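The next block holds one structure in the form of structure tokens; read it before the comments.
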Amino acid sequence: MSRTIDAVVSPTQTNTIPADISGQMLDLDEDDDLEVFSKDLTLADGNMFNASMPTSPGSMVNQCKFEEDEESDSKDIFITVDNPESHVTAIETFITYRVLTKTTRSEFDNSEYEVRRRYQDFLWLKGKLEDAHSTLIVHPLPEKFVVKGMVERFNGDFIETRRKALHKFLNRVADHPILSCSEDFKVFLSAQAWELTTYKKQGPGFLSRMGETVRAVANSVRGVKNRPEEFTAIQEYVEDFSNKIGSLDKVTQRIVKEQKEYLEELKEYGPTYTLWSGSEEELAEQLKGVAGCIERCCKETEEQVGHLSDTLVPVLHEYVLCAETLKAVLRRRDNIQAEFEAKNEALATKKVDRDALKEEIDKLEDRVEWANNALKGDWGRWQRSMRGDLKSAFLSTAEKNVDYYEKCLAVWETFLLSQRTEPSEETDRDNTP
Amino acid sequence: MMADSGPEEIAVIGNTDLTSAELENNIKNTMVEIEKWTSLLRKMEISVGEAEKRTGKNTVNMQEIYTVYLIETRPVDAVTEGIIPAPDSLWRRYSEFELLRNYLLVTYPFVVVAPLPEKRAEIVWHKLSADNMDPDFVERRRVGLENFLLRLASHPVLCNDKIFYIFLTEEKGWKEMVYETGFQAKADSRLKAMNAAFRVKNPDKRFTELKHYSDELQTVVSQLLRVRARVADRLYGVYKVHGNYGRVFSEWSAIEKEMGDGLQSAGHHMDAYAASVDDILEEEEHYADQLKEYLFYTEALRAVCRKHELTQFELEMAAQDLASKKQQKEELVTGTVRTFSLKGMTSKLFGQETAEQREAKLQVLEQQIEEGEEAVKEKNTESDEFVKTAWLDIEHFKDQKDRDLKEALISYAIMQISRCKKGIQMWTNAKECFNKM
């Protein structure tokens with residue numbers, strides 16, 4: 001049976017993708033992962049190759065193209081998060097992940113680091129980065145708790161999903177021109193466990209952090225008066241985006257659910273044909289043939305659902321979290337401006353030391369300008385990343401679906417072919433309706 | 001009109017008026033070539049064209065709405081002359097089809113009579129309406145009724161039936177004609193016999209096997225149809241949820257600059273994907289109907305087996321009766337009492353009978369024995385006839401079943417192939433749109 005579509009990607013040629021993909025935004029992080037795997041044969045302890053890393057045909061092609069691409073920044077830092085291990089103490093049970101760093105950057109003493117980190121450590125890092133760069137967009141971390149409760153924390157799927165998200169988080173930070181230079185980031189990647197604990201204890205104490213929080217709340221209550229138009233536009237976009245991505249997340253999860261239920265029924269369907277074949281003579285072979293086809297389609301369906309869960313669902317979920325991050329960033333920017341505006345007003349109304357206040361106001365004004373510029377710069381960056389990530393995820397999904405239907409097609413066509421080559425005595429008889 | 005065996009020659013009550021030779025000849029001819037000249041189908045085109053709703057009063061004088069089906073017939077040779085005359089037509093409702101079938105069941109008990117399509121929509125997946133008035137159901141039933149008539153018309157024996165012919169050609173008075181044949185009485189006794197419990201000592205093994213087969217077939221096909229309906233239900237859900245992608249992509253595209261076009265067109269493809277499932281499942285419903293026909297056929301198979309058991313039982317009873325009469329005669333003649341009887345006891349107690357009394361009894365017994373032997377001979381012939389004619393029809397049925405179901409399975413594979421191709425196309429289109437994002 002000839003196919004009507006010529007350019008279709010058949011199961012045996014997954015790398016032959018139309019050339020125009022290479023001109024599009026590359027998903028740099030997936031390339032990083034693959035570059036690490038392909039270059040580092042020295043780290044041959046088996047744990048390096050993680051079969052569940054997303055390796056869509058799209059990103060494999062990207063990898064090849066990437067090495068030729070001179071426009072992108074030369075990567076000088078490669079991070080992987082893997083090897084989850086459970087630790088049991090008297091007080092608690094927790095999971096640590098191995099964080100492997102390879103870098104040529106001068107600020108690092110060594111070129112290689114291997115440390116173990118737990119989720120709390122990642123949270124700490126994120127907090128530090130946000131404190132230092134309040135209007136930069138930091139990629140979200142996977143969520144703290146699972147709705148269902150404690151037991152789920154140590155479920156294999158949950159750990160794997162979290163591991164992938166943590167991996168992505170660190171790589172996004174490493175990609176960021178400003179965030180990757182953070183001292184906290186460096187310490188996170190390189191310090192041994194006890195060193196990190198000591199390091200964490202430095203820095204602003206509890207009370208001063210409380211003070212910051214109180215001020216932030218006060219500012220947000222006051223509100224900002226003259227927000228520049230462009231940030232209002234960004235805010236409106238973020239609202240809409242948040243809604244849309246939330247819907248997509250829900251729709252996709254619903255599709256996974258429906259598909260799984262379909263699979264369950266399908267698994268029972270094939271056997272009914274086998275059962276029937278037991279009562280028949282002439283028809284037995286055909287009935288078994290149909291049963292076999294259905295069974296093979298079950299396998300393909302299972303794979304397809306798995307792909308959806310592994311590829312599209314996590315990405316959409318990440319961007320649901322991103323939307324919240326963006327809202328927080330916009331709020332922080334507003335607060336900075338609000339603080340400046342408040343002090344500015346005080347200059348006009350209150351009877352205070354004008355010189356000292358003026359100096360403070362200048363500093364705040366600089367701070368506002370710096371914050372705005374940082375956000376503006378990062379905003380473009382984020383949008384490009386978002387487009388790249390989502391496009392890649394949807395592309396991968398569509399490709400997998402095409403692959404799925406092609407495989408099922410082959411199954412049924414093979415069956416049909418076997419029926420058509422039956423001895424002619426079957427087909428020559430008159431068929432009465 | 002039919003050329004050779006005109007309808008008047010064929011008895012409308014029972015098959016006993018046909019000589020066995022004629023019957024065998026009929027069947028043999030048609031067994032060799034299905035659409036031989038005895039087949040009604042050679043003579044006329046039959047179709048069930050439309051369905052309409054009517055209102056009327058039912059048997060308890062209440063208003064009801066029912067559907068009638070248009071039966072159109074046209075002689076085959078009329079078409080070949082270049083001019084296509086309008087077909088003759090009449091309207092029949094489902095209950096009249098039922099009456100026709102019941103009549104045929106009673107009149108030709110050795111025939112595996114084709115089943116009717118469902119009266120009510122059963123074993124359906126939930127999105128499909130179980131409402132008898134639903135246009136899709138009515139359409140499928142129309143197809144089923146046409147199929148039923150075509151099966152009858154191509155059956156070597158049934159196609160010659162007068163009542164069947166009139167069903168197709170005369171709207172008025174047909175019902176009365178059916179009742180005038182007196183089939184109702186036969187139908188009642190048949191029903192009683194079907195439900196009676198009796199043990200047959202020596203049934204033909206082939207019929208016993210056939211009964212088991214039809215029970216098995218009923219079980220497995222029912223199960224298959226049930227699971228298929230559930231699978232269809234789930235598949236519907238999967239496709240339809242993708243329609244939500246269409247809506248959200250469309251809304252999202254409004255706030256994006258670079259991705260807008262790609263998203264918008266991808267959304268259209270998602271909508272198309274979601275919509276495609278309706279036709280896919282409607283087609284599958286036809287496949288389910290093909291299987292259902294054979295599910296319903298099992299009832300007809302069982303009926304024929306039952307009839308065999310009945311005739312065999314009657315034969316065995318007649319033989320048993322004859323044997324007991326013969327034994328009684330022997331006892332009377334030899335004077336020995338081998339079996340206990342009250343008469344025997346009383347005669348022992350109160351003295352022997354007179355020679356004349358014994359002679360009289362002997363006469364009666366010999367008469368009864370003669371009659372009994374006739375009866376056994378008759379029943380034997382009847383049973384043999386039945387087994388022969390029924391088995392011929394069953395072989396015919398088996399061949400038909402194998403052919404039809406093979407056809408059905410192939411068409412099912414074709415449906416799956418078509419669905420896969422559609423899927424490939426839609427997702428390839430979607431992929432191209434995502435590429436443009």
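The values are calculated or read from the model by the stated rules, or taken from the named source; none is laboratory data. Just so we're clear, the structure is a prediction, and the values are computed from it rather than from any experiment. Here the Cβ is made from the backbone with ideal geometry for all residues, glycine too, and neighbour counts use every protein chain on show. SASA here: full protein model, heavy atoms, side chains in, ligands and nucleic acids out. Shrake-Rupley method; radii C 1.70, N 1.55, O 1.52, S 1.80 Å.
For segment B:245-308, the Kirkwood hydrodynamic radius comes to 15.4 Å, computed from all pairs of different C-alpha atoms.
Pairwise Cα separations in segment A:275-412 fall into 10 Å bins from 0 onward with the following percentages, short to long: 10, 21, 16, 14, 12, 9, 7, 5, 3, 2, 0. Take each residue in B:396-409, count the other chain C-beta atoms within 10 Å of its C-beta, and the mean is 4.
Each residue of segment B:195-243 gets 77 Å³ once the volume of the Cα convex hull is shared out per residue. The orientation-averaged projected area of the convex hull spanned by the Cα atoms of segment A:270-326 comes to 4.4 nm². In order along segment B:427-433, the phi-based Karplus estimate (6.51 cos²θ - 1.76 cosθ + 1.60, θ = phi - 60°) of 3J(HN,Hα) comes to 6, 5, 4, 4, 4, 4, 5 Hz; Gly and Pro are listed as x. Applying 0.36 nm per residue to the separation of A:Phe94 and A:Glu281 and subtracting their alpha-carbon distance, the gain on full extension is 61.3 nm. Can you check how the C-alpha radius of gyration of segment B:158-245 compares to 2.2 N^0.38 Å, as a plain ratio? Here the answer is 1.92, to two decimals.
Taken one residue at a time, the phi angles of segment B:48-56 give Karplus couplings (6.51, -1.76, 1.60, θ = phi - 60°) of 9, x, 9, 9, 9, 9, 10, 10, x Hz. Gly and Pro are set to x.
Viscosity 0.890 mPa s, temperature 25 °C: give me the Stokes-Einstein translational D for segment B:103-256 in µm²/s, with Rh taken as the Kirkwood radius over C-alpha pairs. Answer from the Stokes-Einstein relation: 120 µm²/s.
Taking every protein chain into account, the 1.4 Å probe leaves A:Ser242 with about 20 Å² of accessible area, to the nearest ten.
Treat segment A:374-421 as a sphere of radius equal to its Kirkwood radius over Cα pairs and apply Stokes-Einstein at 37 °C in a medium of 0.692 mPa s; give the translational diffusion coefficient in µm²/s, rounded to a whole number.
On the way: Rh = 13.8 Å.
This corresponds to a translational diffusion coefficient of 238 µm²/s.
For the segment B:214-222, counting C-beta atoms of other chains within 10 Å of every residue's C-beta and taking the mean gives 3. Between B:Ala254 and B:Glu282, the FRET efficiency estimated from the beta carbon spacing at R0 = 30 angstrom works out to 0.30. When restricted to Cα atoms, segment A:320-367 yields an Rg and a Dmax of 14.4, 47 Å, respectively.
At a 1.4 Å probe radius, carbon and sulfur cover how many percent of the accessible area of segment B:171-299?
On the way: 3110 of 6280 Å².
The computed percentage sits at 49.
Buried accessible surface for the B/A chain pair comes to about 6500 Å², total over both chains, computed with a 1.4 Å probe.
Remark: segment B:92-108, residue by residue, has Karplus-estimated 3J(HN,Hα) of 9, 9, 3, 5, 6, 4, 4, 4, 4, 5, 4, 4, 5, 4, 6, 6, 10 Hz, where x stands for each Gly or Pro and the curve is 6.51 cos²θ - 1.76 cosθ + 1.60 at θ = phi - 60°. Pairs of C-alpha atoms in segment B:206-336 farther apart than 21 Å represent 68 percent of all such pairs.
Among the trypsin sites (Lys or Arg not before Pro) within segment B:125-217, those in coil by DSSP and having at most 13 neighbouring Cβ atoms inside 10 Å are B:Lys127, B:Lys172, B:Arg199, B:Lys201. The Stokes-Einstein estimate for segment A:74-138, based on a Kirkwood radius over Cα pairs and taken at 25 °C with 0.890 mPa s viscosity, is a diffusion coefficient of 177 µm²/s.
Residues B:Cys433, A:Cys181, ordered by accessible area of protein heavy atoms at a 1.4 angstrom probe radius and largest first, appear as A:Cys181, B:Cys433.
Comparing the full protein assembly with the isolated chain, the residues of segment A:380-411 losing at least 30 square angstrom of accessible surface (1.4 Å probe) are A:Arg387, A:Lys391, A:Phe394, A:Leu395, A:Ala398, A:Asn401, A:Val402, A:Tyr405, A:Leu409. Approximating the spin labels as points 7 Å out from Cα along Cα→Cβ, the A:Glu264-to-B:Lys361 distance works out to 7.7 nm.
The label point for A:Glu229 and the one for A:Asp355, both projected 7 Å from the Cα toward the Cβ, are 4.1 nm apart. Per residue, segment A:252-402 exposes 45 Å² of accessible surface when a 1.4 Å probe is rolled over the protein heavy atoms with every protein chain present.
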